[in-house]
């Protein structure tokens with residue numbers, strides 16, 4: 001069973017010193033889940049913050065994601081090792097396939113290679129991001145393993161942020177929120193103390209239109 005902090009700090013599209021400062025202030029505010037990706041171009045900046053924060057490694061949960069070009073080339077272990085070097089870590093807590101790229105039909109072997117990285121001790125848990133149910137079912141059918149997580153866009157509507165974050169927690173989701181502003185970081189963390197009534201949750205659930213507000217994962221590709 002994977003133990004994961006209840007709220008994560010996202011780092012897209014921060015880079016360089018701004019990313020380092022944002023992660024440091026986030027950790028100081030109380031974030032323990034830090035989310036990045038190879039394609040964000042900020043793993044080194046995130047790594048600098050991890051090195052400077054002063055916390056023991058086992059108090060932080062670090063997630064990064066497989067770049068599309070590495071997904072297609074099959075260089076999964078190389079991708080993991082490059083991310084580890086950039087982040088200054090010897091093991092990742094969670095490594096995700098960033099996009100399924102179904103047109104290329106390589107997400108199952110990519111997941112199998114990630115499982116091998118887990119078995120080699122390079123990552124603790126492996127998961128996916130932006131996968132649809134059809135993709136998930138195929139991964140489970142062909143590898144006999146379920147991804148630890150599927151990181152997806154999830155919101156009922158453009159409601160007030162703390163309410164939306166509290167709604168995520170009721171759904172059993174772990175929100176990843178991005179802000180470089182220390183005051184906003186603290187405000188987001190305070191959402192963990194928000195308690196919604198059953199009526200609140202029902203009202204928010206009824207805002208769901210069953211639509212993706214951002215991308216079509218069947219066609220979206222990033223390399």
Filter region 113-134 for residues that are surrounded by fewer than 16 Cβ atoms within 10 Å (Cβ to Cβ) and touching a helix residue (DSSP H, G or I) at 6+ places or on another chain (Cβ under 6 Å) and give the result.
-> none
Considering only region 171-223, how many residues are modelled with pLDDT of 75 or more and within 26 Å of residue 42 (Cβ to Cβ)?
-> 20
List the pairs whose first member sits in region 90-101 and is in contact (Cβ under 8 Å) with a residue 60 or more places away in the chain and on the phi > 0 side of the Ramachandran plot, whose second member is assigned to a loop (DSSP other than H, G, I, E, B) and surrounded by fewer than 23 Cβ atoms within 10 Å (Cβ to Cβ), and whose Cβ atoms are under 8 Å apart, counting only residues at least 6 apart or on separate chains?
-> 101/221
Any hit, region 153-172, residues being assigned to a helix (DSSP H, G or I) and over 17 Å from residue 196 (Cβ atoms) | no
The condition of being closer than 17 Å to residue 128 by Cβ, outside any loop (DSSP other than H, G, I, E, B) and at pLDDT 95 or above holds, among 84, 72, 50, 24, only for 72
Are any of the residues in region 104-123 under 25 Å from residue 9 (Cβ atoms), outside any helix (DSSP H, G or I) and in contact (Cβ under 8 Å) with a residue 40 or more places away in the chain?
-> yes
Is there any pair linking a residue in region 191-220 that is closer than 20 Å to residue 7 by Cβ to one that is modelled with pLDDT under 90 and assigned to a loop (DSSP other than H, G, I, E, B), with Cβ under 6 Å and at least six apart or on different chains, and which?
-> 204/156
For region 30-46, indicate whether the set of residues that are within 20 Å of residue 174 (Cβ to Cβ) and surrounded by fewer than 17 Cβ atoms within 10 Å (Cβ to Cβ) is non-empty.
-> yes
Name every residue in region 53-67 that is without any contact (Cβ under 8 Å) to a residue 60 or more places away in the chain, assigned to a loop (DSSP other than H, G, I, E, B) and surrounded by 15 or more Cβ atoms within 10 Å (Cβ to Cβ), in order of residue number.
-> 53, 60
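Within region 1-19, can you find the residues that are part of a helix (DSSP H, G or I) and either touching a residue at least 40 places away in the same chain (Cβ under 8 Å) or surrounded by 22 or more Cβ atoms within 10 Å (Cβ to Cβ) (or both)?
18, 19 - these are the residues of region 1-19 that are part of a helix (DSSP H, G or I) and either touching a residue at least 40 places away in the same chain (Cβ under 8 Å) or surrounded by 22 or more Cβ atoms within 10 Å (Cβ to Cβ) (or both).
The values are calculated or read from the model by the stated rules, or taken from the named source; none is laboratory data. Keep in mind that this is a model prediction, so the values were computed, not measured. All Cβ positions, even for glycine, are placed from backbone atoms using ideal geometry, and neighbour counts span all protein chains on display.
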